[in-house]
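Colleague: Mind looking over this structure? Questions follow.
Here, each number is a calculation from the coordinates, and none is a lab measurement. Computed from a prediction, not measured in an experiment: that's the story for all the values here. We place every Cβ from the backbone using ideal geometry, glycine too, and count neighbours over all the protein chains shown.
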Amino acid sequence: MMGKFKEIAFLCRENNMKELEETVAGIAMMMGKEPSLVASEFKIAYDVAEEKKSDPSYKIIYENQKEAAEFYEREYQLTKE
């Protein structure tokens, strides 16, 4: 799963739920859940960390997901459409 963290963070940041569902499908299968539910849970967690980024409890989580999304974008030279 850690190998997909960058991609998941990027897709959450871009609010690309269709691709996020495809990306987490394997994780969802291992958990016995629907991909749409797992994608939604990742998106909620991402949004909470972003919303509470000034709270010391969430600061490192926010910084990690922000850095991961930016790295993924640079690595694959993706641009916002």
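Colleague: Find the lysine pairs in the stretch 2-76 meeting two conditions, Cα atoms under 23 Å apart and a separation of 8 or more places or different chains, and report how many there are.
Modeller: Number of lysine pairs found: 23.
Colleague: Over the stretch 2-76, what relative contact order in percent results from Cα pairs under 8 Å that are six or more residues apart?
Modeller: 40 percent
Colleague: Work out the charge dipole of the chain with +1 on the Cβ of Lys and Arg and -1 on the Cβ of Asp and Glu about the Cα centre, then indicate which of PHE10, THR23, ILE61 is farthest towards its positive end.
Modeller: Checked the options; the winner is ILE61.
Colleague: Give, in nm to one decimal, the length gained when the segment between GLU63 and GLU41 is fully stretched (0.36 nm per residue of separation minus the Cα-Cα distance).
Modeller: Value of the extension gain: 6.0 nm.
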